[in-house]
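Reviewing the structure listed below.
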Amino acid sequence: MLKVWGRPYSSNVIPVIWTVNELGLKYDLMLAGGSFGKLDTDQYAEINPNRMIPAIQDGEFALWESLSIIRYLSEEYGKGTLLPSDPQSKAIADQWMEWSASKAFGPVIYLFFATVRTKPAERDEAKISKLRDEAHEALIILDKHLSNQTYVCGNEFTMGDIPLGCVAYRYFNINVKRPKLPNVEAWYQRLSERPAYRKHVMRHFGENPEQWAALEKASASEGKI
Ligand SMILES: N[C@@H](CCC(=O)N[C@@H](CS)C(=O)NCC(=O)O)C(=O)O
């Protein structure tokens, strides 16, 4: 059985869990990282020498780096669905996955840390506004791209939507005022109609560090300790 190593509240693990569920694969979630530990064990170093999550084991084959895992799973189990069949569409899906990591993920995850993961009394409003603006500036590019198509790679949902779909959920659910992004918002609404997105990405993450920690702790019931 496919094994996914990680924790259900980790920003790099969520896209992998979403992918596996879009593909309808059976898998064991092997809880690791954060309060679940295990990353410092010799056994885990064999799977991922960086001692980070996510990682997968598909039989004897082990793989780490979330984007590489999404590409592998799409290629192995999602040809013609998550993995577009023509090379140019595949390259476009790939391009937006890379763009998600290089441009969109950073400001949104730092915004998340500056808000949800920081006690209200310690929050730096100037920093929060700056990160919100950086995230918005990046997402304007996606908004323009989505002005004449349903998904990032044309009119079908593909692997190209996955990392960005996870970034979008965080961005739209952090408690900050945001300028409008009509096309990104419409695409996010379409994603939220997908059962696997609703279940694995649209997780309530709380509004402060205590709530977040409690939710993460409760997610222990979703995997193997
Ligand atoms: N580029 C890597 C980044 C992996 C990464 O930063 N993982 C974080 C969690 S999001 C981690 O392992 N942190 C240690 C921990 O969770 O204990 C990927 O996309 O897989």
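The values are calculated or read from the model by the stated rules, or taken from the named source; none is laboratory data. Predicted model, so just to flag it, every value in this text is computed and none were measured. All Cβ positions, even for glycine, are placed from backbone atoms using ideal geometry, and neighbour counts span all protein chains on display. The protein model used for the area step is the full one, side chains on, heavy atoms only, and it has no ligands, DNA or RNA in it. Shrake-Rupley method; radii C 1.70, N 1.55, O 1.52, S 1.80 Å.
For Lys144, the aspartates and glutamates whose Cα falls under 14 Å of its own Cα, not counting residues fewer than eight places away in the same chain, are Glu185.
First select every other residue whose beta carbon is under 13 angstrom from the beta carbon of Lys224; then total the charges, Lys and Arg +1, Asp and Glu -1.
+1
Each principal axis of the Cα cloud of region 29-97 was evaluated for its coordinate range; sorted largest first, these ranges are 42, 24, 18 Å. At the residue level, Ser11 shows approximately 30 square angstrom of accessible surface with a 1.4 angstrom probe and all protein chains present. Within the full protein context, the accessible area of Tyr110 is estimated at about 140 Å² for a probe radius of 1.4 Å. With the whole protein complex present, Asp124 retains an accessible surface near 80 Å², based on a 1.4 Å probe.
What Kirkwood hydrodynamic radius do you get for region 143-225 when you take the inverse of the mean 1/r over all pairs of distinct Cα atoms, in Å?
Working: mean 1/r = 0.0699 Å⁻¹.
Evaluated on region 143-225, it is 14.3 Å.
Only aspartates and glutamates eight or more places from Lys177 in sequence, or on another chain, were considered; those with a Cα closer than 14 Å are Glu125, Asp133, Glu134. The residues of region 2-80 expose, per residue, 44 Å² of accessible area to a 1.4 Å probe.
Using a Gaussian network model of the chain in which every pair of alpha carbons under 10 angstrom is joined by a spring, one finds that among Pro179, Pro15, Pro107 the greatest mean-square fluctuation is at Pro179. Listed cross-link partners Lys127/Lys217; Lys127/Lys180; Lys90/Lys217; Lys3/Lys103; Lys3/Lys79 are compared with a 32 Å cut-off, the Cα-Cα value being larger for Lys90/Lys217. In this structure region 87-211 gives 51 Å² per residue of accessible area when probed at 1.4 Å with all protein chains present. Heavy-atom surface analysis with a 1.4 Å probe gives the chain a carbon and sulfur content of 50 percent of its accessible area. With 5 Å bins beginning at zero, the pair-distance distribution over Cα atoms of the chain amounts to 1, 7, 15, 18, 20, 17, 12, 8, 3, 0, 0 %. Only beta bridges with both residues in the chain are counted; by DSSP, about 55 percent of them are antiparallel. Share of pairwise Cα-Cα distances greater than 15 Å in region 85-174 is 60 percent (whole percent). Spatially, region 18-68 and region 162-225 are offset by 21 Å when compared through their Cα centroids. Rounded to the nearest 500, the helix-only mean residue ellipticity at 222 nm of the chain stands at -14500 deg cm²/dmol, with each DSSP H run of n ≥ 4 adding -39,500 (n - 2.57).
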